[in-house]
Amino acid sequence: VASLCFRQRLVLSTLSRKREKILNIRSKDDNPGLRDFEASFVRLLDKVTNGTRIEINQTGTVLFYQPGLLYGGSVEHECNVQRSIGYYLEALLMLAPFGKTLLRAVLKGVTNDPTDPSVDLLKVTAIPLMKKFGIDGAGLEIKVLKRGMTPAGGGEVLFTCPVRRSMKPVQLTEPGKIKRIRGTAISLQMANRIVDSARSILNKFIPDIYIYTDHMKGASSGKSAGFGLTLVAETVNGTFLGAEVMSTPQGQGDPVLPEDFGRNCAKLLLEEVYRVSITKHTFVSGVDRYVIEFLRHIRDFFQIMFKIEQQKPGEDEQKGGEKVLMTCVGAGYSNISKTIK
Amino acid sequence: MEKKEQKRHQHKHSGPKAQKKNRKKEQVTEPEQDERKRNPRAFSVQSAVRMAKTFHRAQDIKTKKHHIPLVDRTPLEPPPVVVVVMGPPKVGKSTLIRCLIKNYTRQKLSDICGPVTIVSGKKRRLTFIECNNDINSMIDLAKVADLVLMLIDASFGFEMETFEFLNICQVHGFPRVMGVLTHLDTFKNNKTLSKTKKRLKHRFWTEVYQGAKLFYLSGMVYGEYQTQEVKNLGRFISVMKFRPLVWRTSHPYVVADRMEDLTDPEAIRLNPKCDRTVSLYGYLRGTFLKNKCQVHIPGVGDFSVADVSFLPDPCPLPEVIKKRALNVKERLLYAPMAGVGGLVYDKDAVYIDMPSGHEEVRPTTELVQSLIGTQATLDAKMAASKVSLFTGTAALTPEENPMESREWDERAQRERRRAVFADEDEDDDGEQESDEEEDEEEEDEEDEDEEGVTTLKKHDKKAAETAAPPVKKQKFEEMSMEMPAFADSDDELEKIEGEETEEDESEEEEEEGDEEKEEMEKGEPAKRSSGPDSGLCSEEDDEDEEDDSDMDEDGDGTMGYETPLLNMLNVFCVCVYIEGALRWKEDLAQKATKAYLRHQLAAPNLRKLVYGTVTGDEEEDSNDEEELGGLFKVSRPEKSKKVRADAMDCSRFQPDNSHDWDQEEVRSSIRDCFVTGKWEEDKDAATLLKEDDELYGDFEDMETGQVHKAKTGNKDQAEEEAPQVKLDDDEVQKNKRLEKKRRLKERFDAQYDDGDATYFDDLKEEMQKQAEMNRQEFEDVDDEIRVQYEGFRPGMYVRVEIPALPCEFVTNFDPHYPIILGGLGPSEGNVGYLQMRLKKHRWHNRILKTRDPLILSLGWRRFQTMPLYYIEDHNGRHRLLKYTPEHMHCGATIWGPITPQGTGFLAVQTVGGIKASFRIAATGVVLDLDKSVTIVKKLKLIGYPYKIFKNTCFIQGMFNTVLEVAKFEGASIRTVSGIKGQIKKALRTPLGAFRATFEDRLLMSDIVFLRSWYPASVPQLYNPVTSLLMPVGQKDTWAGMRTLGQLKHDLGIRNKPNQDSLYKPVVRQVRHFNPLHVPKELQKALPFKNKPKQMQAKGKTPRDLQRPAVVREPHEKKVAALLDALSSVYAYKNKKARAEQHAKHKEFLQQKEKQDAERQKRLKEERKKTYRAMGQKEKKKLKSSLKGASKNN
C-alpha cells in the first residue's frame, strides 16, 4: 500500500538506515505518481539528513530512497498546502531526537486543517509523550509563530528538539484518571460561542476546564480564514488525550454553527477517552488501519513484534471501550549520528 | 552467580569457653565504645580545612568505585562461559585444557580442536577455546572471551604475544584475565624461582590491575599438571564473576562449535566453486538475536541470516538442583569439532559420526566415471539444444523461466524436499497427478520428523489442484513453514472463545460460510468478486489460506470449513459489516452485548490482523491481470484496491460516530475515566486514609492524656458485613496484604532512609526494576512464540543458516580457528565515514603515515582501510597531518563500517607473519559517523609581482584564468617577508594576473602567497580481512593492500630526489659596495667633524726630507751603555722602595682600622650610657610631672 504508508516507510527507513524502494505509487491512478505534498515531504527529509540519495522515476510511481545520516540543524521548509504542517511535523517528531545536532525547523504552510492532526494538538499531546521517552530539556518545543488555515496557508511553526543518545523504556500501562481539560479555540469572533458549547458537555464530567482563545491578528493570522477547537484532557499519570475539530475551507462543505462545532469537538474528546488504549511502548490509540500498517512496518524494518493483549474491563468499571496492551522488546536503537567528544 | 549465605557454625552460649569469650568481649568492647567519650579532644575538629579535605577525599574514593549501572540482562539459564586459553606456542595451552576437562568431566580429550563445552557445576557451563599464535585469532577471541587464561612460560618470561593480547583485550572491553605461570619446574634454585615469580607478578599487575590473580602451575607429572593445582584452578574458574561489557550486551553473538555444509551436492559437482549454504551451530550470547538479521563472521565477511532456529541444548545443565555435586551422567562434554559427542542432532536430522566412513567409494567402470564427470544433466542438455523447423528461421528454444530456475537453485541448495516443488512448478497442470505420486514417494524417503509437514504438503497440493497457479502453492508452503506457532496457538485460543459465541452468530455464520464455499469452488474469480464488499478483504483472503494450512495440520482437510477458526473469522467480518448497518438508537443493551462479544472475538484475531498477512497485497497484483489475446494486458483500476491503496496517509483516527454522547447511558460508560468517577480500591482516597490510620493510628495526645486507638478491626468487620466479597480466595487476600506491606515499607523507607539514597542508588534501583520487568514480561510465553516477540534469547543453542558463503570457507575449513557470528545492529551493515580519536601505540616503533593502508579491528570486524590523520585546530578546523604525532592523540577518518560511537578499535599494519616488534600500531575510539568528510589540507598559492606602484602591485603566476581570480577576490595574501595585502581585481592580460594592494611597498624580489584550505578526500577502501578463507596452514598469511613503502621496497624502486633538494657546495659571491657620495653643498654645510675627510694617501718623502741615520762613536757608545745600566739600576731601586712603602702603608692601615674599631666601640658604649641616663631622666621627669598633675588634681 504505497501511498498510505509513504511517510511511515520513509521515516522508518531513515531511522533504520535501510534503503527503500517504493513501487506502484498510484500507478493505476488517473493521476499517477507522487503528489506535491509527498514530494515536499521527501524534500524535507533530504534537508534534515546528510548524504541521502533519492531517485524518482519519470512518472513518479517509483521512489528509491537511500537514507543518509540524520543531521538536524537549522532547517526552513515550505510545506505544501495540500496537507497541514502536522503531516510533516509527525515525521520530524520521530526523527529529530536522533540527529547529530539540535534540530530547529521552521515549517511554513497550513497549521490547521480538517484532515491532519493540527500543530496545536501535537503540541499538547506529542511533546509530553516525548518527555516520557527521556527527550526533554529546554530545547523541546513546538511554537506557532503564525497561523495559516486551509487553502492558502501562510502559517509558520517553529519546532526545536534536542538530540539524545538513547531513549528510556517507558511503561504507559495506566492511563490514569482525567484531572483537567484544557483547550484552545482558534477564532476571531466566535471563540466564546465555541467555548461555551464545548464546556456545556464536558462540565458534566469534570469541573476543571479551561479553554483559551487564540487570537492571531494581522499578518500572523495567515492567508485564509477559519476556526477550530483543540481540546486536551490531562490525567493524573501525565497522559494527554486530545481531540480537535477544524472548519472546512471556505466555500466547501456545509456551514456549521459555532455552537455545534464546539459540541462536536467535546464529543470527539469523549470518544477519545472511550477508546484510549493502554499501550506500552508506542502511542497508538485504538488499532486502526494506519496503526496496523505501522506495526507491520516496524516489524519489517526492525524485526520488532508487539505482543498484543486485550485487557478485559472490570465488572463494574465504567471506563469506556476495551483496551489493548502492547508490549515489545526494543531494538537497542541508539543515536549514531551524535558526536561524542 | 547467586551469592549464597553460608550457614555459620553455632556459637557456644554456656560453658567455660563462652564465659571466657564474654569476658574478653566486655574488656575489649567497653573502652572501644568509649573512645570518643574518653578522649573527646582527639576527635574534635582541629582544622576546618583539613576536615573538608579528608571528607572530600573520602567522597572521591567512594565515587571512584561507582560504575555506570547497566541493566542486568543475563538470562536465567546463561550460555556457557567462554574461557580462552591464550599464550605463545609451546607454553602448555593444550595440556592445560586437557587437564581442566579431565578435572571437570573425567574424560580425556586427545586433540583440542574447536570449542569444547562442558558442564562444570550445577549452574555453570564452560566453553574452552584454545587461541593459536595468530593475531587474527587473538583479536577474534578477545572479543568473545569471558575469561582469559593467559599462559606464561616462567622459564622464559613474558613474550610479546602476551602484551599484544592484553592490549587487544583492553580495546575491546576487558574480559577477566587470569595469568597462569607454567614451566616452573625448570628452576633449580628456590630463590631465583621466588624472585622470578615476584617479578613476573608485578609486571603482570601493571598491565592488568594491582592484585590480579596469577596462578602457578609448578610442574608436570606424567605429562600433566598436578591434579591438586588443576583442581584449584578449576575452583577459581567456577566461582569467577563477570561484568557485562557494553559491546557484548548490545550485540548478539555465537561462537560456532559446529558447521554443516547444506549445499546441494549436485550443485557442488557442477561447479565446485559455487557459493555454499552453511548452517552454523552454537550457543547464543550477548543479547537477543532476531531472525533475518545481518551477521558478520570475522575473517569471512557480512552475511544476512536466512534462518535461525533453536535446538535442544546439547550440553544442558542438570535439571534438578540437588545439594550434592554433579554425578557422572551430568558431567557432559560437547565438542563436535573435536569429534566428541558422536551423535549430533539437527533440526530435521540426526548425524552419526563414523570415523572410518570418510573415504569415497569410487566406481571402477569407465562409463560410470564419465557419467559422474558430466557437468550438466540430460534435461539441461535437452533444454540447451536448438531445433529449427524451417531453414532460415530462428532456432526454437524451449522457454525458460529464469525466475523459477533461480528459485529452484535456492531451494535445492538447502533441502531436497524443496526441490520437489520446483519440479512441480515446471510441470503443466495436466501432468500433475503422475508427478505428484513421484513426489510423494520422494517425500516418504525423508526423515520421520518431517512427517507432519509432508502430509501438510499433500493437502496443499490437493487444494491447489483446483485453481491456484504454481506461485500460489509456494506461498502456501512458506506460510505453513513460517508460522506454525501462530496457527497453532490461535486455533486453540479461538476454539475456547469461539464456543461462547457460535450460537449468537450462527445465522451470519452460515451465510458467510456458504459464501466462502462458493469462493473456494470458484477459485480466483470468486475471490475477486468478494473483494469490494469490505475493507478487510485482503486479510480475509489470506487468512483463508492460512486456515487451510491450519486445518491440514489438524488432520482433516475435508471438513475444514466447519473448524472454529474459520467461523471466528467470519463472525469477525460479519460484525464489522453489521456495525455499519445498525443504528445505535434502537436498543442499547443488545448492542452493548454485541460489542462486548465482538471485542471478545477481536482479541485473538488482533495479532493475526496485524502480523498475519504480509504477503497478501503483492500476491493479488500478480493474479489479477487478465490477458487479452495473450499480448496485451487490460489494466483495470479496481475499486476496492484503490480505496485501500490510496487511502489518506493520515495518522488521525476517524471514529465511527456510533456513540451518541448526548445519551446518559453512553456518557456514563466513561464516567470512571475522570477523577470525579469511582477509583480502584487500592487507590481510593478513603482506603488510603484508612491505611494511614492503621499506620499512625495509635497515639496519645500528651496534652489531654487522651488515647486514640486505631480502628483496626474496621476493615474485617466491613468484610464480614459484606457477604458479596468472596472470602474463599485467600490468594487475593494474601496479595493484598503483601501489597500493603510493600507500600508501608516504601513509605517507611522514603521517610527514614532517604539520607543515604543518592542519585546513583536511584539509578541502580531503576535499572533493577526494569530488568525485573523485562524478565517477567515474556516469562510464561511458549518458546516458539517468545522467540518471535523478543528474538532468540541468549543461552539458547541455535542453528544459524547462512546462504551464499564463499566456497573457500568450507573447503579451507580449519576447526582450530574460531568461527564467530557477530550480530550487527540495525544500521551497522552500512559503510560510511568514521571519525575516530587515535593514538599510535607507545610500543610500536614507527609513526603511521596518512593514506597508508592499515588493518583495523573495530566492532566484530577486521578490515583494511586507508585512514587520513588530522588534528583539530583551535578554530575547529580539521587539518590534515602527514604522519601521526609521536606521543599524542590525533584524529583519523576512515571509510568503514558504521559502528556506534564510543566503540574502541585497534590497528595493526599487517596480520601476516610475525615480526619481532610490537604489532599493534595504534588504538583509539570512534567519535563520530558521517556521510561527508571535513578534513582540509593547507595549500599555498604562489605568485610574483611584475609591476610595482606605491602600495599596489600587479601579481602574476598565482592563477591561470580570470574566473579563478574572481573566486578569490578580497582574499588576504602575504609576502614571505610579512607584508600583508589583499587581492583586488583580475587584470585582462596576462591571464590570471591580478591587482593587489599591500600595507607597504613590495620589491620585485618578493614572493607573494595565498594560504588556502583544500578539502582532502578519504580513499573509499574497505577491505575485510578474509583470513578464514585462506588455505589451511596459511591462514596467518593474509596480505591485503601493501603500503607505498612496502611496494617500493618489494619492487626495488627508489625515489628520484628533487634536484633542488640536494645539498651542493655553497658558493658566495663577493659583494661590491659603491663609495658613499656626499654632495658638495652638503659637505660645505657639515661641521668639520662630519665632513668627509679628503685624505689623500701620503706620497713618498723626498730624499732631501729623509733624516739620516745616526752612527755613534765607540766612546759615545760606551757612555750610552753606562747610562742605560745606571738608569736600570735606578729603576730597580725605585721599584723596590715603592713595594716597601706599599707594605708599610698596608700595615699602617690595618693598625688604624683596629684603632678605629676600638674607638667606635668605646664611643658607642659611652653614647649608650648617656642615652640611658637621659632616658631615665626623662622617665623621672614624666613620672614626676604625672605625680604633680595628680597632685594638682
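None of the figures in this text is laboratory data; all of them are computed from the coordinates on show. Given the structure is predicted, the values throughout are model-derived calculations rather than measurements. When we count neighbours, we look across all protein chains shown, and the Cβ atoms used for this are built from the backbone with ideal geometry, even at glycine.
Centre-to-centre, using Cα atoms only, the stretch B:207-281 and the stretch A:1-79 are separated by 46 Å. I'd like the FRET efficiency for residue B:102 and residue B:262, computed as 1/(1 + (r/R0)^6) with the beta carbon distance as r and R0 of 41 Å, rounded to 0.05. Calculated value: 0.70.
When the convex hull of the C-alpha atoms of the stretch A:146-215 is computed, what volume per residue in Å³ does it have? Kindly include the intermediate steps, with their values, before the conclusion.
Working: hull volume 11.9 nm³, N = 70.
Hull volume over Cα atoms, normalised by residue count, gives 170 Å³.
Our estimate of slack between residue B:1074 and residue B:54, defined as 0.36 nm per intervening residue step minus the Cα-Cα distance, is 359.2 nm.
If R0 equals 45 Å, the separation of the Cβ atoms of residue B:269 and residue B:768 corresponds to a calculated FRET efficiency of about 0.20. Full extension of the segment from residue B:779 to residue B:18, taken as 0.36 nm per residue of separation minus the current Cα-Cα distance, would add 268.9 nm.
Can you give the translational diffusion coefficient of the stretch B:1039-1118 in µm²/s, computed by Stokes-Einstein from the Kirkwood radius over Cα pairs at 10 °C and 1.306 mPa s? It would help to have the intermediate numbers written out before the result.
Working: Rh = 23.2 Å.
The diffusion coefficient I find is 69 µm²/s.
Let me check I've understood the local charge: for residue B:224, count other residues with C-beta under 15 angstrom from its C-beta, Lys and Arg +1, Asp and Glu -1. What total comes out? Provide the component values of the computation, followed by the final result.
On the way: positive: B:93, B:98, B:102, B:106, B:108, B:231; negative: B:185, B:229.
Net local charge, residue B:224 excluded: +4.
Can you put A:212, B:944, A:71 in order of Cβ neighbours within 10 angstrom, beginning with the fewest?
On the way: A:212 13, B:944 16, A:71 20.
In order of increasing Cβ crowding within 10 Å: A:212, B:944, A:71.
Is there a pair in A:341/B:64; B:7/B:122; B:937/B:980; A:338/B:292 whose C-alpha atoms are over 30 Å apart, and which pairs would that be? In this structure, not one pair exceeds 30 Å between Cα atoms.
Between residue A:203 and residue B:329, the C-beta separation translates, for a Förster distance of 51 Å, into a calculated FRET efficiency of about 0.10.
For a quick protection proxy, order the peptides B:1168-1174, A:123-129 by their average other-Cβ count within 10 Å, most packed first. Could you put the intermediate results ahead of the total?
Values: B:1168-1174: 10.0, A:123-129: 19.7.
Top of the packing list down: A:123-129, B:1168-1174.
In the structure shown, the pairs A:18/B:931; A:131/A:168; B:938/B:985; A:146/A:223; B:849/B:938; A:143/B:931 are assessed against 20 Å; a Cα-Cα span above that value is assigned to B:938/B:985; A:143/B:931.
Counting only other chain Cβ atoms within 10 Å of each residue's Cβ, the peptide A:15-28 averages 3.
Quick check of the Kirkwood formula: for the stretch A:1-70, what is the inverse mean of 1/r over all pairs of different Cα atoms, in Å? Write down the numbers at each step before the final one.
Values: mean 1/r = 0.0835 Å⁻¹.
Here the Kirkwood hydrodynamic radius works out to 12.0 Å.
Note on residue B:227 and residue B:875: their simple-model spin labels are 7.8 nm apart, each label 7 Å out from Cα toward Cβ. For the pair residue B:748 and residue B:189 in one chain, pulling the backbone fully straight at 0.36 nm per residue adds 194.7 nm over the alpha carbon distance.
Would you mind giving the mean number of other chain beta-carbons within 10 Å of the Cβ of each residue in B:785-798, as a whole number?
Working: counts 2, 2, 0, 4, 7, 7, 5, 0, 1, 0, 0, 0, 0, 0.
Across B:785-798, the average partner-chain Cβ count within 10 Å equals 2.
Highest mean packing comes first when the peptides A:193-200, B:62-69, B:143-150 are listed by Cβ atoms within 10 Å, giving B:143-150, A:193-200, B:62-69.
Just counting partner chain Cβ atoms within 10 Å, what average do the residues of peptide A:298-308 show around their Cβ? Spell out each step's value before the answer.
Working: counts 0, 4, 2, 1, 3, 9, 4, 9, 5, 9, 9.
That average works out to 5.
Taking only the C-alpha atoms, wrap a convex hull around the stretch B:937-1015 and report its volume per residue in Å³ as a whole number.
Details: hull volume 6.2 nm³, N = 79.
Cα-based convex hull of the stretch B:937-1015, divided per residue, equals 78 Å³.
By the count of other C-beta atoms within 10 Å, a proxy for reagent exposure, B:1073, A:133 are ordered fewest to most as B:1073, A:133.
With the cut-off at under 16 Å, measuring from each backbone N in the stretch B:1033-1054 to a point 7 Å along the Cα-to-Cβ line of residue B:1062 picks out B:1054. In terms of other Cβ atoms within 10 Å, B:979, A:340 run from fewest to most in the order A:340, B:979. Per-residue packing, averaged as other Cβ atoms within 10 Å, sorts the ranges B:106-113, B:869-876 into the order B:106-113, B:869-876, beginning with the highest.
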